[in-house]
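Worksheet: one structure, shown below.
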Amino acid sequence: MNTRTDAPQTATPSALPARKPRFALFVATACGLGYIPFAPGTFGSLAGLLLALVPWWSFFIVQNVYIAARPSDAGPFISKFTRFGDPLLLAHLIIFILIAAVGVWTADRAARFWGEKDPQRVVIDEVSGQHLTFLLGCGVPVWWRVMKFPWPDYPFGLISFGVDAVLSWKYLLLGLILFRAFDIWKPFPARQAESLPGGWGIMADDWVAGVYAAIGLWIARAVFHL
């Protein structure tokens, strides 16, 4: 004889819906840029380009506000930031390490939530790879050329994003084009890097593309001095 029980059935843990990792998705999609229905990777690269401008313009604004308030202290103000080398280069190194670390974690969380190995909506890898392009492509000096800096008396120089500095809009545009080309082409070992587990595989191939693009950007600086 069959018996029927009307006791409520409780869902097993595997049947429970996964909690949406909102913060991880927000970062992995570069503040929602990954949800753009067309060319989300290009928009991620544009975010990486803007990220490369942050240290320069942050220092530029702070410096001008300080000098406007205390014009006689301009020299001491600059010397505080240059005591241990180029502060802009240090800022870019810190930014790259932070974005890379957070990118690996958030990309892995997003991929597991969506059930895809490398979701197109995840563009934090493009942000990090594009930033790496400018970090290496303009962080390595072309030592036989005289470079112009906004502050000729102070040791800024490896990465300066000003009209009269190492980078101009030409370098920014070239770096963007080169990175997108190598990111799509995925030369060795970029495609092999995609086989790395979790977020490492999502991020690593864009770092390889960033290195290739940086080499191309550095060569352009050396040959054409744009």
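The values are calculated or read from the model by the stated rules, or taken from the named source; none is laboratory data. Nothing here was measured: the structure is a model prediction, and the numbers come from that model. Here the Cβ is made from the backbone with ideal geometry for all residues, glycine too, and neighbour counts use every protein chain on show.
Regarding segment 138-156, can at least one residue be identified that is crowded, with 21+ Cβ neighbours inside 10 Å, on the phi < 0 side of the Ramachandran plot, at pLDDT below 80 and not charged (D, E, K, R)?
Residues of segment 138-156 crowded, with 21+ Cβ neighbours inside 10 Å: 138, 156.
Now restrict to residues that are on the phi < 0 side of the Ramachandran plot: 138, 156.
With at pLDDT below 80 added as a condition, the list becomes 156.
Subset that is not charged (D, E, K, R): 156.
Looking through segment 138-156, at least one residue is crowded, with 21+ Cβ neighbours inside 10 Å, on the phi < 0 side of the Ramachandran plot, at pLDDT below 80 and not charged (D, E, K, R).
Looking at segment 183-197, is at least one residue small (G, A, S), surrounded by fewer than 17 Cβ atoms within 10 Å (Cβ to Cβ) and not in a helix (DSSP H, G or I)?
Within segment 183-197, the subset small (G, A, S) is 190, 193, 195.
Next, only the ones that are surrounded by fewer than 17 Cβ atoms within 10 Å (Cβ to Cβ) stay: 195.
Narrowing the set further to residues that are not in a helix (DSSP H, G or I) leaves 195.
The answer is yes; a qualifying residue exists.
With respect to the numbered conditions (1) modelled with pLDDT under 95; (2) surrounded by 10 or more Cβ atoms within 10 Å (Cβ to Cβ); (3) not aliphatic (A, V, I, L, M), which one is the sole condition not fulfilled by R4?
Checking R4 against (1) modelled with pLDDT under 95; (2) surrounded by 10 or more Cβ atoms within 10 Å (Cβ to Cβ); (3) not aliphatic (A, V, I, L, M), the one that fails is (2).
Listed here are the residues, each with its yes/no results for (1) of a type in the set (S, T, N, Q); (2) at pLDDT below 95.
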| position | (1), (2) |
| --- | --- |
| P40 | no, no |
| S45 | yes, no |
| L49 | no, yes |
| W56 | no, yes |
| A69 | no, yes |
| F81 | no, yes |
| H92 | no, yes |
| R109 | no, no |
| F113 | no, no |
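Are there any pairs, at least 6 apart or on different chains, whose C-beta atoms fall under 9 Å, with the first in segment 44-67 and closer than 15 Å to C138 by Cα and surrounded by 14 or more Cβ atoms within 10 Å (Cβ to Cβ) and the second among the charged types (D, E, K, R) and modelled with pLDDT of 85 or more, and if so, which?
Taking only residues 6 or more apart or on different chains, the pairs are G48/E126.
Any residue in segment 157-165 that is at pLDDT 75 or above, closer than 26 Å to I177 by Cα and in a loop (DSSP other than H, G, I, E, B)? Explain how you work it out, then say what you get.
First, pick out the residues of segment 157-165 that are at pLDDT 75 or above: none.
There is no residue in segment 157-165 that is at pLDDT 75 or above, closer than 26 Å to I177 by Cα and in a loop (DSSP other than H, G, I, E, B).
Which one of the conditions (1) surrounded by 12 or more Cβ atoms within 10 Å (Cβ to Cβ); (2) within 28 Å of L217 (Cβ to Cβ); (3) modelled with pLDDT of 95 or more; (4) of a type outside the set (F, W, Y) does P87 fail to meet, given that it meets all the rest?
Single failed check for P87: (3).
Search segment 97-120 for residues that are assigned to a helix (DSSP H, G or I) and pair each with any residue that is modelled with pLDDT of 95 or more and aromatic (F, W, Y) when their beta-carbon atoms are under 7 Å apart and the residues are at least 6 apart or on different chains.
V104/W200
Does segment 121-141 hold any residues that are more than 16 Å from V102 (Cα to Cα), in a helix (DSSP H, G or I) and among the hydrophobic types (A, V, I, L, M, F, W, C), and which are they?
F134, L135, L136, C138
In segment 198-226, which residues are free of Cβ contacts under 8 Å to residues at least 24 places away in the same chain and either surrounded by fewer than 17 Cβ atoms within 10 Å (Cβ to Cβ) or more than 19 Å from H131 (Cα to Cα) (or both)?
Residues satisfying the conditions are I219, V223, F224.
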